[in-house]
Amino acid sequence: NKYRTHPKSFSLNGSQLANELLSQNGVQGVKVESIEGPDHYDPLGKAVRLNHVNFEGRDLTSLVVAAHEVGHAIQDRYDYSLLKMRTSLATWAMVLQKCGSAFMMVTPLLALVTRSPRLGLISLIVGVAGMLSHSVINFITLPVEIDASFKRALPLLEKRPDFNNDDQAGANQILRACAYTYLAASLSDLLNVMRWLAVLRRR
């Protein structure tokens with residue numbers, strides 16, 4: 001938000017910069033699309049998807065976020081192994097997380113109906129494992145995000161003549177925020193599991 005209200009306005013908007021960076025780095029067949037949801041790169045659909053604010057924006061935040069997502073497209077072009085791992089695990093993690101939440105909710109009822117502490121414990125273990133799967137994915141994602149931010153996007157931005165020292169310092173802060181969003185998500189998942197365990201202990 002700080003750099004979105006920065007007084008400087010760039011000649012390119014987020015979508016134009018993304019297309020330019022994709023072309024400069026030989027990334028072919030990747031579309032740049034405007035969406036209502038969060039910014040992301042879709043390695044299956046081969047698309048850099050930017051929130052409409054960043055897609056159309058000419059502020060520093062819009063351009064840096066666009067460069068970050070292009071960083072993922074560059075990873076994909078060079079078959080970055082952790083990106084491929086995250087992509088293959090992400091679908092399963094979503095299913096496991098939903099199953100984990102369901103098991104956590106039925107554990108007290110299952111233990112009450114069956115009067116089997118062992119069955120209740122198994123259900124609890126399955127539930128915790130399912131909910132933690134998403135946290136594991138986020139931890140795997142963290143080095144992917146750091147690579148996209150600081151090894152891919154930041155060097156591209158530093159080469160641009162329209163980025164001065166202040167812009168580069170701001171880009172560094174924004175990219176750090178992009179990367180560590182996933183650390184916050186992992187910690188949030190862990191706190192959610194701890195909350196469930198506390199609720200079940202009271203029961």
Report task. Could you please let me know if Ala169 is surrounded by fewer than 17 Cβ atoms within 10 Å (Cβ to Cβ), over 20 Å from Ser23 (Cβ atoms), over 14 Å from the mean Cα position of the chain (by Cα) and not acidic (Asp, Glu)? Result -> yes
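Looking only at the stretch 33-58, which residues are hydrophobic (A, V, I, L, M, F, W, C) and within 22 Å of Lys159 (Cα to Cα)?
Of everything in the stretch 33-58, those that are hydrophobic (A, V, I, L, M, F, W, C) and within 22 Å of Lys159 (Cα to Cα) turn out to be Val48, Phe55.
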Requested in this report: Would you be able to tell me the number of residues in the stretch 1-51 that are outside any loop (DSSP other than H, G, I, E, B), within 15 Å of Gln75 (Cα to Cα) and without any contact (Cβ under 8 Å) to a residue 12 or more places away in the chain?
Outcome: 2
Query - Failed item, numbered, when Arg86 is tested on (1) within 21 Å of Asn13 (Cα to Cα); (2) open to solvent by 10 Å² or more (accessible area, probe 1.4 Å) - result: (1)
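To keep it simple, each residue is scored yes or no on (1) open to solvent by 80 Å² or more (accessible area, probe 1.4 Å); (2) in a helix (DSSP H, G or I); (3) modelled with pLDDT of 90 or more.
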site: Leu121; (1), (2), (3): yes, yes, no
site: Ile140; (1), (2), (3): no, yes, no
site: Ile174; (1), (2), (3): no, yes, yes
site: Tyr180; (1), (2), (3): yes, yes, no
site: Ser188; (1), (2), (3): no, yes, no
site: Arg195; (1), (2), (3): yes, yes, no
site: Val199; (1), (2), (3): no, yes, no
Report summary line: Condition set within 21 Å of the chain's Cα centre (by Cα) and aliphatic (A, V, I, L, M), scope the stretch 1-25, selection surrounded by the fewest Cβ atoms within 10 Å (Cβ to Cβ): answer is Leu22
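The values are calculated or read from the model by the stated rules, or taken from the named source; none is laboratory data. Keep in mind it's a predicted model, so treat the numbers as computed, not measured. Using ideal geometry, Cβ is built from the backbone for each residue, glycine included, and neighbour counts are taken over all protein chains shown. For the accessible areas, the whole protein counts, side chains as well, though only heavy atoms, and no ligand, DNA or RNA atoms are used. Shrake-Rupley method; radii C 1.70, N 1.55, O 1.52, S 1.80 Å.
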